[in-house]
Amino acid sequence: MSKPEIEAVEAHLRATPRKWLVTGAAGFIGSHLVEHLLTLDQQVVGLDNFETGTHANIEALVRSAVARGATDADDRLLVVEADVREFDAVLHACEGIDHVLHHAAIASVPRTIAEPIEGFTVNVDGSFHVLEAARQAGVRSVVHASSSAVYGDCPGEPGTGAQREQTIGRPLSPYAAHKHIAEVLGQTSNRTFGGASGLSVVALRYFNIVGARQDPEGAYAAVIPKWVALLGKGEQPVIFGDGQHTRDFCPVEDVVQANLLAATWAERVAPELRERPGDPSEGVFNIGLGGRTTLLELYDLVHAGMLELGAPCQGIAPRHEAARTGDIVHSRADITRARELLGYAPRTAMADALRSTMSWLLGRA
Ligand SMILES: NC(=O)c1ccc[n+]([C@@H]2O[C@H](COP(=O)([O-])OP(=O)(O)OC[C@H]3O[C@@H](n4cnc5c(N)ncnc54)[C@H](O)[C@@H]3O)[C@@H](O)[C@H]2O)c1
C-alpha cells in the first residue's frame with residue numbers, strides 16, 4: 001500500500017521549513033494548527049485578538065508541542081495581538097510569510113444573528129483583508145476555514161444525506177452567508193490574481209470538529225465541551241430538538257492534516273487538475289469523516305465516556321428544548337473530492353478524539 005500523501009508533505013516541510021501565519025491562533029482549531037506546525041520545525045506567526053481565544057491556549061499548545069518533541073518551540077512562535085478587521089495589521093503580519101491558515105472568525109451561528117455587524121465585519125471584511133494582504137505580501141497560499149453551514153437547507157444526496165461541494169442550498173444564518181461569501185472571494189482571487197501573483201487559495205468546509213481546547217464555558221460553546229462540562233459537575237445537559245439531528249464529527253487532527261495538504265496543493269498538483277471550469281465549488285473541499293451520528297447517539301457516547309472517567313453523572317438523561325433557529329437538521333460530508341484531489345485520508349479514530357477531548361476537559365490530559 002502506498003504511503004499517505006500527508007506523510008510525504010510533512011517530511012518535505014520538515015526538510016525545508018517555512019514561515020506560516022495562523023489567524024485565530026489562540027482559538028480551538030488555530031491552536032492545534034500552530035502546535036502541529038511547531039512539531040514540524042516550522043516558523044509560525046499566530047495572530048489573534050483574543051476575543052474568544054485565550055493566552056492559556058497558546059501556553060498549552062507550546063507545552064504540548066514540546067511534549068511531542070518540538071525543540072525551540074518558543075523561539076519559532078511569534079504571537080501577534082491584532083484584529084483581522086485592521087488591514088494594515090494583517091498586511092504587516094503577512095510580510096515574509098509562505099502560507100496563511102485563516103481561522104479567525106466569529107465562529108458561532110447565534111452570535112452572528114445577535115451581533116450582525118460584528119459578525120459581518122470579522123467574517124467577511126476580515127477574510128477579504130487576509131486574502132488581499134496575502135496577495136500584496138507575495139504569500140504562496142491561503143487556506144481558509146469555511147463551514148458545512150454553507151449547505152444550508154440542501155438535503156444532500158438521496159439516501160445518504162451526504163453533502164457534495166457542488167450543490168448548496170439557501171443559507172440559514174448570517175454565519176452561513178459569511179462563510180459562503182468568503183469562499184467566493186477566495187475563488188475570485190484565484191481567478192483574477194492566481195496566475196500573476198502565484199497565490200493559491202483553498203477553502204475547507206469543516207463539519208463538526210472535535211478536540212481539546214474547544215471552549216466549554218463560552219455562551220455559544222459547541223455541544224461536546226458543553227455536555228462534558230455539565231456531566232463533569234453532575235448537571236443535566238440540554239439537547240435542542242428531539243435529538244434526531246445528525247452531525248459528521250471530525251477529529252481536529254484531521255483538520256490539521258487537511259490544512260497542510262491544502263496549503264501545499266498548488267505545488268503538488270498540476271493546474272489542470274485543480275481547475276474545474278463551470279464548477280461554483282472550485283477550490284472548496286469538505287473536511288469531515290463522512291459519518292453520521294444523531295445527537296442522542298453522541299450523548300450516549302459522551303455519557304458512557306464520562307462515567308468511565310469517574311464523572312458523577314450516573315442516570316443523568318438530557319433535557320430537550322426547542323430546536324434553535326438556523327441549526328441544520330442533518331449534516332454529513334462526502335469527502336471523495338478531498339480524498340481524490342487533496343490526498344486527504346482521515347487517520348484519527350473518533351473514539352480516540354472523544355476520549356482525549358473529555359480527558360482534556362476534565363483536566364487529566
Ligand atoms: N469548530 C468547528 O467545529 C468549526 C466548524 C466549521 C467551521 N469552523 C471555522 O473554523 C475556524 C476556527 O474555529 P474555532 O472552532 O477554532 O473557533 P474559536 O472561536 O475557538 O477560534 C476563533 C479565533 O479567532 C479569534 N478572533 C475572533 N475575532 C477576531 C478578530 N476580529 N481578529 C483576530 N482574531 C479574531 C478568536 O479570539 C479565536 O481565537 C472559524 O473560522 C470557524 O468558523 C469551525
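The values are calculated or read from the model by the stated rules, or taken from the named source; none is laboratory data. Keep in mind it's a predicted model, so treat the numbers as computed, not measured. With ideal geometry, Cβ positions are generated from the backbone for all residues, glycine too; neighbour counts draw on all protein chains shown. Quick note on the areas: whole protein, heavy atoms, side chains included, nothing else; ligands and nucleic acids left out. Shrake-Rupley method; radii C 1.70, N 1.55, O 1.52, S 1.80 Å.
Observations
- A single member of 343, 305 is in contact with a Leu (Cβ under 7 Å, 6 or more places away or on another chain), closer than 21 Å to residue 9 by Cβ and small (Gly, Ala, Ser), and it is 343.
- On the stretch given as region 124-146, residues that are among the polar types (S, T, N, Q) and surrounded by 23 or more Cβ atoms within 10 Å (Cβ to Cβ) total 2.
- Residue selection: residue 34 fails the criterion of being within 27 Å of residue 207 (Cα to Cα) and over 17 Å from the mean Cα position of the chain (by Cα).
- The single condition among (1) closer than 30 Å to residue 97 by Cα; (2) under 24 Å from the mean Cα position of the chain (by Cα) that residue 295 does not meet is (1).
- Counted residues, region 204-231 - those being modelled with pLDDT of 85 or more and within 21 Å of residue 303 (Cα to Cα): 16
- In region 95-118, residue modelled with the lowest pLDDT [restricted to those that are within 10 Å of the ligand (Cβ to nearest atom) and more than 26 Å from residue 44 (Cβ to Cβ)]: 109
- When 296, 307, 301 are screened for being out of contact with any Phe, Trp or Tyr (no Cβ under 8 Å at 6 or more places or on another chain) and without any contact (Cβ under 8 Å) to a residue 24 or more places away in the chain, only 307 passes.
- Within region 184-212, if we keep just the residues that are touching a residue at least 60 places away in the same chain (Cβ under 8 Å) and in contact with a Pro (Cβ under 9 Å, 6 or more places away or on another chain), the residue that is nearest to the ligand (Cβ to nearest atom) turns out to be 209.
- Of the residues making up region 32-91, just one is away from the ligand (no atom under 15 Å from the Cβ), open to solvent by 60 Å² or more (accessible area, probe 1.4 Å) and among the hydroxyl-bearing types (Ser, Thr, Tyr), namely 71.
- Residues of region 189-203 satisfying the condition of being open to solvent by 70 Å² or more (accessible area, probe 1.4 Å) and modelled with pLDDT of 95 or more: none
- Of the strands (runs of 3 or more DSSP E) lying entirely inside region 232-351, those containing at least 1 residues that are over 22 Å from residue 3 (Cα atoms) and either open to solvent by 50 Å² or more (accessible area, probe 1.4 Å) or at pLDDT 95 or above (or both) span 238-240, 284-287, 319-321.
- Set 149, 182: member being in a helix (DSSP H, G or I) and at pLDDT below 95: 149
- Within region 158-179, considering residues that are within 23 Å of residue 120 (Cα to Cα) and among the hydrophobic types (A, V, I, L, M, F, W, C), the one nearest to the ligand (Cβ to nearest atom): 176
- Residues satisfying the stated conditions in region 92-105, i.e. open to solvent by 60 Å² or more (accessible area, probe 1.4 Å) and within 11 Å of residue 24 (Cα to Cα): none
- Matching option when the condition is touching a Cys at 6+ places or on another chain (Cβ under 9 Å) and open to solvent by 10 Å² or more (accessible area, probe 1.4 Å), among 113, 168, 117: 168
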